[in-house]
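Heads up, the thing below is written out as structure tokens.
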Amino acid sequence: MQGVTKALRAHGNRLKHAVLQRLNFTDGFYWPKILTHSDSEIAISNPRIPHKGLENITVSELLKAKGEEEKNSVYWCSATDRVYDAVQNMTQHNVGALVVLKPGDEKLLAGIVTERDYLRKIIVQGKPSTSMRVKDIMTDENELITVNSDTNIMQAMQLMTDNHIRHVPVIDKRLVGMISIVDVVRIIVEQQLEEVKHLNEYIRGNY
């Protein structure tokens with residue numbers, strides 16, 4: 001998207017006129033047709049990250065936008081907790097996963113437990129969540145897929161997509177947060193809508 005913007009700016013009015021003529025747009029043209037006016041205004045009226053291009057946005061900025069980096073907040077449980085209590089924790093905070101921490105104050109990761117783990121290893125197998133422990137169903141730290149604060153959000157999304165996962169812990173020697181595919185997609189949509197807004201303003205002559 002940024003490449004399109006650069007091309008428009010480089011070729012000036014000739015390209016602008018050609019685009020309008022080619023697509024047969026009127027002066028009232030507005031991007032994009034697939035979104036309603038109200039949806040677009042809501043999404044771009046208050047983007048959580050200033051428009052800067054997806055290739056320039058890191059996981060650290062996503063955490064700041066979520067408020068996790070400042071508050072240092074991430075929902076967690078212990079490996080010895082009952083599965084029932086872990087699920088209650090998820091339900092209470094409306095999240096789909098918890099990080100599992102080792103004993104102590106260093107925020108060292110033991111693993112991750114998700115709603116999918118609960119469904120596959122408790123519900124489907126008919127096991128009691130009140131007697132099973134988190135360690136019995138969690139993904140162990142040795143099998144975890146993680147990112148760090150400097151990871152680009154597009155790389156993070158690719159990582160989640162390739163491995164069919166929806167939650168990824170953020171590790172900088174210790175746990176600093178967790179991101180979900182929903183977090184990443186939300187930022188991508190916001191950035192793309194901002195880019196569309198800038199293109200629309202250029203075509204309308206507002207640059």
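The values are calculated or read from the model by the stated rules, or taken from the named source; none is laboratory data. Source: prediction; values computed, not measured. All Cβ positions, glycine included, derive from the backbone under ideal geometry; neighbour counts span all protein chains shown.
Mind counting the residues in segment 156-176 that are assigned to a helix (DSSP H, G or I), surrounded by 15 or more Cβ atoms within 10 Å (Cβ to Cβ) and of a type outside the set (Gly, Ala, Ser)?
Within segment 156-176, the first condition is being assigned to a helix (DSSP H, G or I), and the residues that meet it are 156-163.
With surrounded by 15 or more Cβ atoms within 10 Å (Cβ to Cβ) added as a condition, the list becomes 156-157, 159-160.
From what is left, the residues that are of a type outside the set (Gly, Ala, Ser) are 157, 159-160.
Going through segment 156-176 one residue at a time, the tally reaches 3.
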Restricted to segment 79-104 and to residues being at pLDDT 95 or above, out of contact with any strand residue (DSSP E or B) (no Cβ under 6 Å at 6 or more places or on another chain) and within 19 Å of GLU141 (Cα to Cα), the residue surrounded by the most Cβ atoms within 10 Å (Cβ to Cβ) is VAL83
Can you tell me which of LYS135, LYS107 is assigned to a helix (DSSP H, G or I), farther than 24 Å from GLY53 by Cα, in contact (Cβ under 8 Å) with a residue 40 or more places away in the chain and touching a strand residue (DSSP E or B) at 6+ places or on another chain (Cβ under 8 Å)? LYS135
Somewhere in segment 186-206, is a residue under 19 Å from LEU98 (Cβ atoms), in contact with a helix residue (DSSP H, G or I) (Cβ under 7 Å, 6 or more places away or on another chain) and surrounded by fewer than 19 Cβ atoms within 10 Å (Cβ to Cβ)? no
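I'd like the full set of residues that are assigned to a strand (DSSP E or B) and either small (Gly, Ala, Ser) or touching a Leu at 6+ places or on another chain (Cβ under 7 Å) (or both), limited to segment 177-207. Show your work before the answer.
The first filter runs over segment 177-207 and keeps only residues assigned to a strand (DSSP E or B), leaving 177-180.
Selection gives GLY177, ILE179, SER180.
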ILE112, sole failed condition from (1) assigned to a helix (DSSP H, G or I); (2) in contact with a strand residue (DSSP E or B) (Cβ under 7 Å, 6 or more places away or on another chain); (3) not charged (D, E, K, R): (1)
